[in-house]
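What follows is a set of notes on a single structure, which appears directly below.
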Amino acid sequence: MRLSVGATALLAAAVVRAEDSSSSAAEESSTSTSVVKPTFTPTTLKAAGGFLEQFTDDWETRWKPSHAKKDDKSTEEEWAYVGNWAVEEPTVLKGMEGDKGLVIKDKAAHHAISAKFPKAINNKGKDLVVQYEVKLQDSLECGGAYLKLLQENKALHQEEFSNASPYIIMFGPDKCGATNKVHFIFRHKNPKTGEYEEKHLKNPPMARIVKTTTLYTLIVKSDNSFEIKIDGESTRNGTLLEDFSPAVNPDKEIDDPKDKKPEDWVDEARIPDPEAKKPEDWDEDAPFEIVDEEATKPEDWLEDEPSTVPDPEAEKPEDWDDEEDGDWIPPTVPNPKCDEVSGCGEWKAPMKKNPDYKGKWTAEYIDNPAYKGVWSPRKIKNPDYFEDKTPSKFEPVGAIGFEIWTMQKDILFDNIYIGHSIADAEKLKAETFDLKIPAEKAEEEATAPKPEEPVKSPSDLVFMDDPVAYIKEKVNLFVEIAKRDPIEAVKFVPEVAGGLGIFAVTLVALLVTALVGGGSAPSKEQIKASAKKAKDAAADAKDKAAEAVATGADKAQAEINKRTTRSSAS
């Protein structure tokens with residue numbers, strides 16, 4: 001009896017230890033997901049001759065929101081910039097403690113805010129570098145996250161900043177529906193007319209729609225070359241003279257608007273053969289199909305049977321009134337007798353293609369002997385022609401602005417650099433983006449939903465892998481099989497059957513002890529008899545368990561073979 005109780009206790013202890021180990025493993029896993037984050041320290045870079053913004057506590061001295069009316073000539077509606085702004089730390093995947101950014105706070109709203117530069121930025125003879133961070137905390141399904149470098153204008157009133165405010169460069173991500181791109185647009189001044197025209201990058205890169213911070217960098221060099229980087233990786237490069245539409249410089253020659261095609265000009269390369277004649281035996285009226293006179297009615301055709309019959313299961317509605325609704329006629333269904341034969345009802349010969357059908361006659365085409373070629377107007381010098389060899393010499397930039405409509409809120413902007421030093425932009429990247437992005441990605445990975453493991457068959461479970469799951473699955477399987485066939489349960493799950501045998505022996509011993517203990521001390525004969533019964537019961541349980549183990553193992557192996565065969569066949 002002590003041995004059986006010890007075995008039971010040992011099994012219970014194993015379950016408890018397994019639960020404890022699982023709990024401690026979960027705690028250890030939870031602890032390991034904590035991500036160490038760097039602390040924000042304002043940069044010491046000065047951005048000489050440029051602009052650098054990290055949205056420190058004095059940000060409101062530079063940035064002013066606009067609540068002007070939006071100039072939208074395409075509609076009669078009047079839009080107002082009602083969207084609110086805030087400077088705060090990220091609420092999603094924060095990668096750096098104390099690092100604040102400018103945040104769009106309203107969805108489905110127009111937002112506008114700007115900051116004037118201490119001194120206008122002029123890049124004539126210098127490189128221009130524009131770099132800033134974008135964090136799409138609520139993703140981006142339809143809206144922009146681009147910035148505008150506004151034309152120098154001392155009279156600029158920030159509270160009146162709008163889409164009509166003249167800009168020099170527009171740069172950054174934009175996505176709505178199928179549109180997904182990083183804008184690079186610059187406004188170019190026609191040296192002859194003084195008018196401005198937007199030049200759009202022909203093949204812009206795609207924006208990165210992620211919740212971690214994305215770094216966008218634009219570099220325009222004095223030799224007219226440009227490069228766009230995303231997260232420090234080069235994604236597009238080219239020249240202002242070759243990769244934008246409309247082109248910076250117009251064509252030297254244009255079509256003469258006064259030149260007109262002569263009336264006798266022949267531009268038809270091929271014509272119907274004028275000498276061709278329709279053959280005498282050509283019958284344009286012959287039908288495409290004719291009745292197949294050789295067809296015969298199938299022997300099993302039921303000509304006296306209709307193709308549809310009243311539905312035998314249809315019943316007249318209880319509220320049907322013959323006087324008001326008329327005679328009730330049941331709906332019809334396909335005649336079931338017709339399904340077993342070739343057809344029912346009146347038989348008609350089928351149609352077949354007419355071998356004499358030729359259709360409408362047309363003459364064959366031949367090369368036109370009078371053809372003169374494709375006419376085009378003569379070329380003349382373009383009176384509006386000019387050549388700007390240095391479009392990279394943008395006009396002075398006096399402010400930066402975000403003028404955005406978006407369906408998503410919580411778009412965050414941070415660490416803006418506008419200046420002439422690629423090295424300074426790289427240093428700012430190293431101090432900010434390069435430090436926060438590893439922490440953001442680590443947190444993203446740690447908090448991502450874990451993929452569910454495939455459910456194992458009870459036959460595939462191993463006790464040492466997960467004792468708790470092993471015991472639960474085996475007992476549940478034993479109970480389910482036992483509901484239908486107890487003997488089959490013993491054979492298929494011998495582990496549980498053996499455990500029940502030990503439990504039975506223990507229970508008998510306990511009952512004997514209880515019965516005997518209720519009266520006087522047992523005699524030697526009683527003790528011997530009880531011991532013999534317990535011994536016989538244990539031996540019998542052992543034999544059955546051994547037999548069940550062998551049978552169960554064979555059965556389990558058969559199931560495994562069956563699954564393997566099915567897997568191989570599929």
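No lab work stands behind these numbers, since they all come straight from the coordinates. Here the structure is a predicted model, which is why all the values come from computation and not from measurement. Positions of Cβ are generated from backbone atoms using ideal geometry, with glycine treated the same way; all protein chains shown enter the neighbour counts.
Within the shell defined by Cβ-Cβ distances under 14 Å, the residues around T235 carry a net charge of 0, with Lys and Arg each +1 and Asp and Glu each -1. Among rounded, prolate and oblate, which fits segment 57-186 when a ≥ b ≥ c are the square roots of the eigenvalues of its C-alpha gyration tensor, a/c under 1.5 means rounded, and a/b larger than b/c means prolate? Judged from the Cα gyration tensor, segment 57-186 comes out rounded (a/c under 1.5).
Please identify which residues in segment 315-358 have an amide N closer than 19 Å to a label point set 7 Å out from the Cα of V309, following the Cα→Cβ vector. Inside the label zone: 315-316, 329-347.
Peptides 335-348, 194-207 ranked from most to least packed by the mean count of surrounding Cβ atoms within 10 Å: 194-207, 335-348. Our note on the geometry: Cα centres of segment 275-343 and segment 399-430, 74 Å apart. Sorting 246-258, 292-304 by average packing, meaning the other beta carbons within 10 Å per residue, from highest down gives 246-258, 292-304. Summing +1 for each Lys or Arg and -1 for each Asp or Glu among the other residues whose beta-carbon sits under 10 angstrom from that of V87 gives -4. Pairs with C-alpha atoms separated by more than 24 Å, drawn from the list K175/K229; K277/K358; K100/K211; K154/K409, are K154/K409. Highest average first, the peptides 307-317, 102-112, 435-445 ordered by how many other beta carbon atoms sit within 10 Å of their residues are 102-112, 435-445, 307-317. Each Lys and Arg adds +1 at its Cβ and each Asp and Glu adds -1 at its Cβ; summed about the Cα centre, segment 66-179 shows a dipole of about 480 debye. By its C-alpha gyration tensor, with a ≥ b ≥ c as the square roots of the eigenvalues, how is segment 230-342 shaped: rounded for a/c under 1.5, else prolate for a/b larger than b/c, else oblate? The shape class here is oblate.
The HN-Hα couplings worked out from phi for segment 92-101 by the Karplus form 6.51 cos²θ - 1.76 cosθ + 1.60 (θ = phi - 60°) are 10, 6, 5, x, 8, 6, x, 8, 9, x Hz, whole numbers, x standing for Gly and Pro. Which one, P287, T362, N335, projects farthest toward the positive side of the charge dipole computed for segment 262-385 from Cβ point charges (K/R +1, D/E -1)? With unit charges placed on the Cβ atoms, the residue in question is T362. Under the shape rule built on the C-alpha gyration tensor, where the axes satisfy a ≥ b ≥ c, segment 328-477 is oblate, since a/c reaches at least 1.5 while a/b does not exceed b/c. Considering only Cα atoms, the convex hull volume of segment 150-297 works out to 435 Å³ per residue. A cut-off under 13 angstrom between Cβ atoms defines the neighbours of E253, and their net charge, with Lys, Arg +1 and Asp, Glu -1, is -1. Translational diffusion coefficient of segment 403-444 (Stokes-Einstein, Kirkwood radius from Cα pairs, 25 °C, 0.890 mPa s): 195 µm²/s.
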